[in-house]
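The next block holds one structure in the form of structure tokens; read it before the comments.
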Amino acid sequence: MKAARIVAAGLAALTIALAGSGARAQSMVFTSWGGTTQDAQKKAWAEPFTAASGIAVKQDGPTDYGKLKAMVESGNVDWDVVDVEGDFAVAAAKAGLLEPLDFSVIKKDDLDPRFVSDHFVGSFYYSFVLGYNKSAFGGKEPSRWADLFDTKAFPGKRTFYKWSAPGVLEIALLADGVAPDKLYPLDLDRAFKKLDTIKSDIVWWGGGAQSQQLLASGEAPIGMFWNGRIFAIQADNPDVGLSWDQNLTAADVLVVPKGAKNKDAAMKFLAEASSAKAQADMAKETNYAPTNLKSKDLLDPGIASFLPDQFKATQINLDMGYWAEHRDEIGKRWYDWQAK
């Protein structure tokens, strides 16, 4: 009887342990920016990953840096993989907010070295472009960032990215005549002075889905957008146009917050999301360029020809290292300016 009780107790403990382990292994949480981009990530990455691994991927969002930081500092991390901007990832890694990645699981050699580090892998490669409603300006079409600041030729509200991040300040400086190779270090006084000229006409967007809504509804008929968001609108609304002139390039990246509850599943998910096929499938859905170097071989030439890396003639790379170093300084001034 004693032996039977010991065996029974052991089996019960094993069952509890396996149940707990199974619960951790059977699901994870992926957080991104919402809208058509996250829909594409779900289709290209999450659904094939679940089919292959049996691990369910719960969707959350939009990405919120303050929330991520608070989760890590409290020790109660609900997110396992998060899509973030490159400059945030560099700064967050230095601050100890991210888990180091397991490159025995993730195939690092296949990835564009510009978009991989010990703490992140590229999510997708995008450009900020000038987007507009063709019908809003009497047949006249804007073509350069200076047009975004010309409220006489192109009247109405204009929309910009709300958060302190690479993009808006560079656009203001380019519109004011700064040469692309002279952008950094950023002349903040000059950039804010230029933004002051249209501040009352700005409608801010905090995520890609909101930017699409502003343009599609006509609330803001001109503005800065991620190229993939314009591509998604154009599928249903050919009246929406874009200009690639001086397109500003960078990559979103995927990170694992420090203390993530499902770290092993997160690493497997990252291996899938950064694979050649998954990155090619994402490019097909969004018109964002893949960060896996082998993905282009899997893409139809017709699709590949409209990806950001095909518009390099006037392309400008956003400096993530500069932004990571000056993020707090710029952020304080940015939000103080917005609040005035």
Out of (i) 19.7, 59; (ii) 22.2, 92; (iii) 20.8, 66, which label holds the value of Rg and Dmax of the Cα atoms in Å that was computed here?
(ii)
Listed residues Ala51, Ala191, Ala146, most fluctuating in the chain (Gaussian network, C-alpha, under 10 Å):
Ala51
How much accessible area per residue does the chain have, in Å², with a 1.4 Å probe?
44
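Would you kindly state how much longer the chain becomes between Leu298 and Ala179 on full extension, computed as 0.36 nm times their sequence separation minus their alpha carbon distance, in nm to one decimal? Intermediate results must be reported in sequence, preceding the final value.
Values: separation 119, 0.36 × 119 = 42.84 nm, distance 3.66 nm.
Between Leu298 and Ala179, full extension yields an extra 39.2 nm.
Once a ≥ b ≥ c are taken as the square roots of the eigenvalues of the Cα gyration tensor of the stretch 218-340, is the result rounded (a/c under 1.5), prolate (a/b larger than b/c) or oblate (a/b not larger than b/c)? Present the calculation step by step, with values, prior to reporting the outcome.
Details: a/c = 1.75, a/b = 1.04, b/c = 1.68.
It is oblate, given that a/c is not under 1.5 and a/b is not larger than b/c.
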May I ask which of Lys58/Lys277; Lys182/Lys340; Lys140/Lys277; Lys69/Lys134; Lys277/Lys332; Lys140/Lys193 have a Cα-Cα span longer than 32 Å here?
Lys140/Lys277; Lys69/Lys134; Lys277/Lys332
Of all DSSP beta bridges with both partners in the chain, the antiparallel percent, nearest 5, is 60
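With each run of n ≥ 4 DSSP H residues scored as -39500 (n - 2.57), what mean residue ellipticity at 222 nm is computed for the chain after dividing by its residue count and rounding to the nearest 500 deg cm²/dmol? Please list the in-between numbers first.
Working: 14 runs with 142 residues, N = 340.
Here the helix-only value at 222 nm equals -12500 deg cm²/dmol.
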In the stretch 249-325, which trypsin sites (Lys or Arg not before Pro) fall in coil by DSSP and have 13 or fewer other Cβ atoms within 10 Å?
Lys312
State the percentage of accessible surface on the stretch 181-305 attributable to carbon and sulfur atoms; use a 1.4 Å probe and exclude ligands, DNA and RNA.
50
Nearest 0.05, what FRET efficiency do Arg190 and Val105 give at R0 = 35 Å with Cβ-Cβ as r?
0.15
Label model pair Ala51, Thr151: point-to-point distance (7 angstrom along the Cα→beta-carbon line) in nm is 5.1
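The values are calculated or read from the model by the stated rules, or taken from the named source; none is laboratory data. Predicted model, so just to flag it, every value in this text is computed and none were measured. Note that each Cβ is placed from the backbone with ideal geometry, even for glycine, and that neighbours are counted across all protein chains shown. We work out accessible area using only protein heavy atoms, side chains counted, and drop any ligands, DNA or RNA first. Shrake-Rupley method; radii C 1.70, N 1.55, O 1.52, S 1.80 Å.
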